[in-house]
Amino acid sequence: MPKRTREILDLLPRLRRYAIVLARDESAAEDLVQETFLRAEERRSSFDAKRPLRGWLMSILHNIFVDTGRAARAREGREAAYASLLDTSMPAPQEMSVHLAQVRAAFFRMPEDQREALHLIAVEEMSYAEAAALLHIPQGTLMARVSRARAALRAFENDEPLRLRIVGGKDAD
């Protein structure tokens, strides 16, 4: 085993202890030690053989710890600044759920032909021609059904009574 490898292995317990003191967490300390050896390997040409290996490795470990802390604080600051820009309130989901249930109920109270026509156009995103062909009805009839269905939902949304008009006659009250 090369002398340098033996020296490094002998220093491993000391580096771990120092990393635990800095990080106060064994998992984070292990990450620090691994990063130290990786950086030492990458920069081995900068090692001065006249200096002690232990001091060089502990210096690398300390610098990694400081850099990691700075980066974490900077990231937290950016995240906090971003979070302050966001709207932190949102409407209660219960109200939206109740409203959607009411719209669903209004949809299912419509006559079947209107429900079917609106579903094909609005949900299935079929063209008027495709939907009319599927239902075996003229396109104008389909358009009228969709129009009446949308009017019924608009009336429900606006809390208005639905006023039906008799074609060729007078408005019904």
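Annotations for the structure displayed:
- The string of couplings for the stretch 40-49 from the Karplus curve (6.51, -1.76, 1.60, θ = phi - 60°) is 4, 5, 5, 10, 4, 5, 8, 6, 9, 4 Hz, one whole number per residue in order, with x for Gly and Pro.
- Against the criterion of solvent-accessible heavy-atom surface with a 1.4 angstrom probe, K50, K3 sort, most first, into K50, K3.
- When Y128, Y82 are compared by accessible area of protein heavy atoms, the largest-first order is Y82, Y128, using a 1.4 Å probe.
- The Kirkwood radius of the stretch 69-125, taken over pairs of alpha-carbon atoms, gives through the Stokes-Einstein law at 37 °C and 0.692 mPa s a diffusion coefficient of 212 µm² s⁻¹.
- For the stretch 99-116, 3J(HN,Hα) computed residue by residue from phi via the Karplus equation (6.51, -1.76, 1.60; θ = phi - 60°) reads 4, 4, 5, 5, 5, 4, 4, 5, 4, 6, 7, 5, x, 4, 5, 6, 4, 5 Hz, glycine and proline entered as x.
- Convex hull volume of the chain per residue (C-alpha atoms, cubic angstrom): 269
- Farthest toward positive dipole pole in the chain [+1 Lys/Arg, -1 Asp/Glu at C-beta], among H119, A23, L135: A23
- Convex hull volume per residue in cubic angstrom - Cα atoms of the stretch 7-87: 104
- Cα-Cα P(r), the stretch 26-72, percent of pairs per 5 Å interval: 5, 21, 29, 25, 11, 6, 2
- Take E112: with every protein chain present and a 1.4 Å probe, its accessible area is about 130 Å².
- J(HN,Hα) series, the stretch 20-29, from Karplus relation 6.51 cos²θ - 1.76 cosθ + 1.60, nearest Hz, glycine and proline x: 5, 4, 6, 7, 6, 7, 5, 5, 5, 5
The values are calculated or read from the model by the stated rules, or taken from the named source; none is laboratory data. Quick caveat: nothing in here was measured; it's all calculated off a predicted structure. Here Cβ is always computed from backbone atoms with ideal geometry, including for glycine, and neighbour counts include all displayed protein chains. Protein only, heavy atoms only, side chains kept; ligands, DNA and RNA dropped before computing areas. Shrake-Rupley method; radii C 1.70, N 1.55, O 1.52, S 1.80 Å.
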